[in-house]
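Heads up: the structure comes next, in structure tokens.
The values are calculated or read from the model by the stated rules, or taken from the named source; none is laboratory data. From a predicted model like this one, the values you see are computed outputs, not experimental measurements. Methodologically, a virtual Cβ is constructed for each residue, glycine included, from the backbone with ideal geometry; neighbour enumeration extends over all protein chains shown.
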């Protein structure tokens, strides 16, 4: 039986892959992708796996029944449990396609307000159940998976889909109070009539939530300056097992350690983020974008460093290596491509763009003709290059699912490192990843880009595509990922720039994080979550 | 007996007031100030208090003797103890002038390295002594004062003056590893040969330390964008009673709650910040500055809001009200003054300045002729307006001391509030402060400025000058401050934007801070400082 609450979400989300059940690539697109990737990897035999049917998947019996006081809130519906089993990593899609839903939560909570949420947490405390906050479910690090240890009598996935409103808009301060479960498109839609925008576009934009962005320190639209959601958070409201914690709304404060910062990156381990006051932007009116080609990645990276150190603050400053440019149809694979974009609601951008392009040329960059000048766009209009990029970018997860169905290993990982180490770091990580992938799969395409750049370093992002062996693709990927992450740690990078820690990065995070900080964070968690029910296994 | 270590600091710092013993205003300057302030307040009889002599002050006997293992590190010298009794608030200067040094620490530790520091902390733990980190000693909120309760057998002020070196410079990433005890001028001097600068200029710049800036989330040079030291911290190294905690150096990371953020604003309550990797700037080559006059503060504030919301990022965007402009000799008192400055190491600033001035004109701003165009400055050169302002700004604490010697009540306080509340907030705080000061002192001058502006709000700063009664000036000020802070809290402001909490703001901070955050922070403290010796009384 489908619970009445879950039925409110239409079209229904795919329970095994990205997007809605009616989404994804159509057959012609999948066929084209198959030809293209087959040729690229030299693989002739690619058989497409069927998508799993809900009635066929392995789903354990729930370990408890919903108490009468929570029957309206807790769903134990087969669809809901399957759909809340995984995030959206490659490992998740593979297991989903294989019909393996053995780590499904015993129930999915769909609270309508904080009072219901509070009762769900109290129930979890009482019965020793793991409480796992679930926003858009787009985690690629095992952040929403009920992989919990034996001390728990079960797990409840807490879906925030009903916390989906903009509660207040302060046009003067350009800020809004927004509920944590609101997904990207609805959030932007609600702000549009006010001429405002959060302008936070992670790749998961369509199916990720404000609360999730905050809990995972998501990286978004801005390539420089404000790259993480962190800087847009004015205050947060968090429901913890110990009660509600609401920070005050200030543009800035020096009163002790910033309380909201404890919850940025808290990954559901400290409580559920139900609301936040967010800093907004006026919708841009002026845009300038340009593309520069470089003989190699190193020259492009030097240009990007110089541009960001010059204080030019481009919104887009994405460097694609040759393979990455080829993947996205933006080059022939021989050159690295720097995508530059400036935007403003207030003023033209010619001076900044000219200076940025002059820096790019200084490193041998060939600027694509006809690009670079400021264009004034009507409300909602979007320039060609940026639009194409964005469409392709948002399509990424669908492509990934289609490739996974073709038996590929296809996954990404990301990091950040200071510029002094960048060149050696990038070479070492690329090399370790390529070697591991080739060893595992026989052949592999490993490409990279810079997604965000800082005056003191960059965030490199890597994509691995390789033909997987028929079974055990999760283990095959894990082997590659371990090799990649060991190289990252050995050469001074962080285990994650914006994908978060979750359960998958835990062993590496434990090595990166200072031990005493773990003690301090663990003690703080105990104060807020004395019985340790909140998303156990992530962070701590 | 003077310890050999303390003698290394020459010229010696004043033990009761700002700066060095040979610093401060000369007699002619003090006489001019007396005439000016007397006229301004209508007070004819102003008698100057003599400065205290070290041999006359009331200093209690130390409650313990330095153990043999620490005789080289712990000084119980009269000068050192007196000089480490207070920060540099008005309340501190008054008590210093009155010879009241009853809360002096029993000893001053002058560790040369982390090993000595570790031994000092172990001694404090063993003997139940409060351990109070001391950088430049510029706290204006009671942050370094040994006002500790009966459970302690005494107090040790831990002076970081020997942690005074730049240890590494990474020119590629524009960052440096700097010791926590380094004061502003020495730090800039050490970075200059590399063409780099931290560009953090709080008013205390001459006599405040990097570790202190980090521990108090100091506000500096930048009026917009990066206003707090926070954004320049790449990593920190902290010696806690539980051991050393060192965070890794990354340009950005999404791996859990940012560990360094716990120590930003930690005010010495979690440990001693011995080192930090700091993000640096290239020394500016281009500067543009301009001044615009407005009929009132409200119009100036609207212009400032619009400029910062336009994403123009001026380095200086300081709005002075009429009285403030008069105080600093920059106006006749009838108009509000907006000081605008842009700077860059890379490019001219005409477009940004033109746009900012056009916004200012839109709110009736009259732009001072001959200002606004970009000038290229030689290394170390500084343009006229900014230079004058900076000189005056850094002179502030000396003027304050001189006025305090004249029996004045003279103090500042600061806050931040979102724009939607700004107008009512500013009026209410100004009114409450003026009424309280007039009640206490008969007459008073209360002026205000905006020191930092954000897209979502501003940081107003207030200065109170009033003729104090002969005795009890600390209590007189406290009465004014309580009235001001009650108005701040009632109208949605923070208890401090960049002065920190210390002991003086504690009762108000306790009301501002979410209770559950206090629990979490307290638990984190216990993990790092299990016996609670670190700067007890601040924050928690």
Which numbered condition residue B:251 misses (of (1) within 13 Å of chain A (Cβ to nearest Cβ); (2) in contact with a strand residue (DSSP E or B) (Cβ under 6 Å, 6 or more places away or on another chain); (3) surrounded by fewer than 24 Cβ atoms within 10 Å (Cβ to Cβ); (4) at pLDDT 95 or above) | (3)
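Name the residue, out of A:496, A:526, that is more than 30 Å from residue A:339 (Cα to Cα), touching a helix residue (DSSP H, G or I) at 6+ places or on another chain (Cβ under 9 Å) and either surrounded by fewer than 22 Cβ atoms within 10 Å (Cβ to Cβ) or in contact (Cβ under 8 Å) with a residue 24 or more places away in the chain (or both).
Selected residue: A:526, the only one of A:496, A:526 that is more than 30 Å from residue A:339 (Cα to Cα), touching a helix residue (DSSP H, G or I) at 6+ places or on another chain (Cβ under 9 Å) and either surrounded by fewer than 22 Cβ atoms within 10 Å (Cβ to Cβ) or in contact (Cβ under 8 Å) with a residue 24 or more places away in the chain (or both).
If I filter the range B:268-279 for residues that are at pLDDT 95 or above, assigned to a helix (DSSP H, G or I) and either within 24 Å of residue B:217 (Cα to Cα) or more than 10 Å from every other protein chain (Cβ to nearest Cβ) (or both), do I get at least one hit?
Of the range B:268-279, the ones at pLDDT 95 or above are B:268-279.
In the following step, the residues that additionally are assigned to a helix (DSSP H, G or I) were identified as none.
For the range B:268-279, residues at pLDDT 95 or above, assigned to a helix (DSSP H, G or I) and either within 24 Å of residue B:217 (Cα to Cα) or more than 10 Å from every other protein chain (Cβ to nearest Cβ) (or both): absent.
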(1) buried (at least 24 other Cβ atoms within 10 Å of the Cβ); (2) not in a strand (DSSP E or B) all hold for residue B:226 apart from (1)
Is there a residue being within 14 Å of another protein chain (Cβ to nearest Cβ) and in contact (Cβ under 8 Å) with a residue 24 or more places away in the chain anywhere in the range A:149-167?
-> no
With criteria (1) in contact with a helix residue (DSSP H, G or I) (Cβ under 7 Å, 6 or more places away or on another chain); (2) assigned to a helix (DSSP H, G or I), residue A:409 comes up short on (2)
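Quick grid of which residues meet (1) more than 21 Å from the chain's Cα centre (by Cα); (2) on the phi < 0 side of the Ramachandran plot; (3) surrounded by fewer than 21 Cβ atoms within 10 Å (Cβ to Cβ):
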residue	(1), (2), (3)
B:466	yes, yes, no
B:491	yes, yes, yes
B:501	no, yes, no
B:511	yes, yes, yes
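Here's the yes/no breakdown for (1) within 15 Å of the chain's Cα centre (by Cα); (2) over 19 Å from residue A:182 (Cα atoms); (3) more than 8 Å from chain B (Cβ to nearest Cβ):
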residue	(1), (2), (3)
A:211	yes, no, yes
A:218	yes, no, no
A:232	no, no, yes
A:256	no, yes, no
A:263	no, no, no
Flag if residue B:244 is more than 7 Å from chain A (Cβ to nearest Cβ), assigned to a strand (DSSP E or B) and either buried (at least 24 other Cβ atoms within 10 Å of the Cβ) or at positive phi (or both) | no
What number of residues in the range A:33-74 are outside any loop (DSSP other than H, G, I, E, B) and either modelled with pLDDT of 95 or more or within 29 Å of residue A:128 (Cα to Cα) (or both)?
-> 8
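Which residue is modelled with the lowest pLDDT, if the candidates are limited to the range B:324-348 and must be assigned to a helix (DSSP H, G or I) and buried (at least 20 other Cβ atoms within 10 Å of the Cβ)?
B:327
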Of B:195, B:180, the only residue that is in contact (Cβ under 8 Å) with a residue 60 or more places away in the chain, touching a strand residue (DSSP E or B) at 6+ places or on another chain (Cβ under 7 Å) and surrounded by fewer than 21 Cβ atoms within 10 Å (Cβ to Cβ) is B:195
Checked against (1) surrounded by fewer than 16 Cβ atoms within 10 Å (Cβ to Cβ); (2) part of a loop (DSSP other than H, G, I, E, B); (3) in contact with a strand residue (DSSP E or B) (Cβ under 7 Å, 6 or more places away or on another chain), residue A:148 satisfies every condition except (1)
Out of B:299, B:313, sole residue that is out of contact with any helix residue (DSSP H, G or I) (no Cβ under 6 Å at 6 or more places or on another chain), more than 7 Å from chain A (Cβ to nearest Cβ) and closer than 23 Å to residue A:233 by Cα = B:313
Helices (runs of 4 or more DSSP H) wholly inside the range B:440-540 containing at least 2 residues that are facing another protein chain (nearest Cβ under 8 Å) and modelled with pLDDT of 95 or more = B:506-512, B:515-528
